[in-house]
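The values are calculated or read from the model by the stated rules, or taken from the named source; none is laboratory data. Predicted model only: the values in this text are computed from it and were never measured. When we count neighbours, we look across all protein chains shown, and the Cβ atoms used for this are built from the backbone with ideal geometry, even at glycine. Just the protein is used for accessible areas: all its heavy atoms, side chains included, with ligands, DNA and RNA removed. Shrake-Rupley method; radii C 1.70, N 1.55, O 1.52, S 1.80 Å.
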Amino acid sequence: MRYILFTVIIAFIVSSCGSNKYQKTLKNGDASKKMELAEYYYKKKDYYRASTLFEQLMETYSGTSMAEKVTYYSAYCNYGLQNNILAGYQFKTYYENFPTGKWAEECLYMYSYCLFLESQNWYLDQTDTYKALEAIRIFISVYPDSKYISECNQEMDKLRNKLGYKAYRNAKLYYNIGEYTSAIVALQNVIKDYPEIPQKEELDYLTVKSHFLLTNNSVDSKIETRYKAAITSIQQYEIEYPESKYLNELKKLKYKSDSIYKKYMKRMELKKEKEKEEQKS
């Protein structure tokens, strides 16, 4: 117990001394002492204290050769504090001010990575996702042989998967509420924009199903066009997915559409015959 008490007391004294030293340096220390203490706290991962000191040093060293180093460490302090927006801004500022600097490549990558970290869940606003994708593309174009390319590709895949999933859910919404014309367009646009999407088979299935449901609920003036589009879509689907679990259901819908189309054709024949008789009379 004495040993534990002694250890706590020593720790408290050391902490108090460190705090006093920090406060004195923060208020009255010269630039060299602030820089020394800022780097000390940075290495100890005390990013809050380090960041405060680096903020003061940024004003002191603005326009000097030391500004590069201070900007770099200040950005990483905010990154360590999970202030990703501010950190990203500082990484970007570093690259813009020191494009040939020692850490230029790293900072441009970290700018894109901070945006990547700010990307929201798929059901929320995706502005930061688009910003992150654009920043990653810029990084790859500037540093095509960078050691960060692998990370960039992985991050782009995750961001695109998120956008693809959001588009998939939005397209399904049209189908679920019975807006089949809009659903067909939206479902196929998802595949066009995200050809690698895992739900591609389901999207194609819903497209075919929408074609048939649209046919089965059509007025006479639109049945023929919609029926032919539905037949074309199921033929393409059967070629691409010959073992699909959805085929039986689609074939049942096709059978119903065939019946509706045949009745439509009979009505058209009767109508033509009636028109001929009226012309004769």
**OP:** Select from segment 218-250 the residues that are within 18 Å of residue 203 (Cα to Cα), open to solvent by 60 Å² or more (accessible area, probe 1.4 Å), without any contact (Cβ under 8 Å) to a residue 12 or more places away in the chain and not polar (S, T, N, Q) and list them in ascending order.
**Re:** 238, 239, 242, 243, 245
Original post:
Can residue 92 be described as open to solvent by 70 Å² or more (accessible area, probe 1.4 Å), among the basic types (Lys, Arg) and not in a helix (DSSP H, G or I)?
Top reply: no
**OP:** From the list 32, 16, 51, pick out the single residue that is open to solvent by less than 80 Å² (accessible area, probe 1.4 Å), modelled with pLDDT of 95 or more and small (Gly, Ala, Ser).
**Re:** 51
Subject >> All positions within segment 134-191 that are of a type in the set (Gly, Ala, Ser) and not in a helix (DSSP H, G or I) >> reply: 146, 178
Subject >> For residue 101: the one exception among (1) over 30 Å from residue 160 (Cα atoms); (2) open to solvent by 60 Å² or more (accessible area, probe 1.4 Å); (3) in a loop (DSSP other than H, G, I, E, B) >> reply: (2)
Original post:
Which one of these does residue 70 not meet: (1) part of a helix (DSSP H, G or I); (2) surrounded by fewer than 22 Cβ atoms within 10 Å (Cβ to Cβ); (3) more than 23 Å from the chain's Cα centre (by Cα)?
Top reply: (2)
Original post:
What are the residue pairs meeting all of these: first residue in segment 73-92, first residue of a type in the set (Val, Ile, Thr), second residue in a helix (DSSP H, G or I) and open to solvent by less than 20 Å² (accessible area, probe 1.4 Å), Cβ atoms under 8 Å, and 6 or more apart or on different chains?
Top reply: 85/114
Original post:
Any idea which of (1) open to solvent by less than 50 Å² (accessible area, probe 1.4 Å); (2) touching a Phe, Trp or Tyr at 6+ places or on another chain (Cβ under 9 Å) is the one residue 178 doesn't satisfy?
Top reply: (2)
Subject >> Which listed residue is surrounded by 13 or more Cβ atoms within 10 Å (Cβ to Cβ) and farther than 22 Å from residue 126 by Cα, from 159, 206 >> reply: 206
**OP:** With respect to residue 112, determine if the residue is over 30 Å from residue 188 (Cβ atoms) and either of a type in the set (S, T, N, Q) or in contact with a helix residue (DSSP H, G or I) (Cβ under 6 Å, 6 or more places away or on another chain) (or both).
**Re:** yes
Original post:
From the set of residues in segment 191-223 that are acidic (Asp, Glu) and at pLDDT 95 or above, which is farthest from residue 264 (Cα to Cα)?
Top reply: 193
Original post:
Does segment 202-218 hold any residues that are over 12 Å from residue 236 (Cα atoms) and either part of a helix (DSSP H, G or I) or touching a helix residue (DSSP H, G or I) at 6+ places or on another chain (Cβ under 6 Å) (or both), and which are they?
Top reply: 202, 203, 206, 209, 210, 211, 212, 213, 214, 215, 216, 218
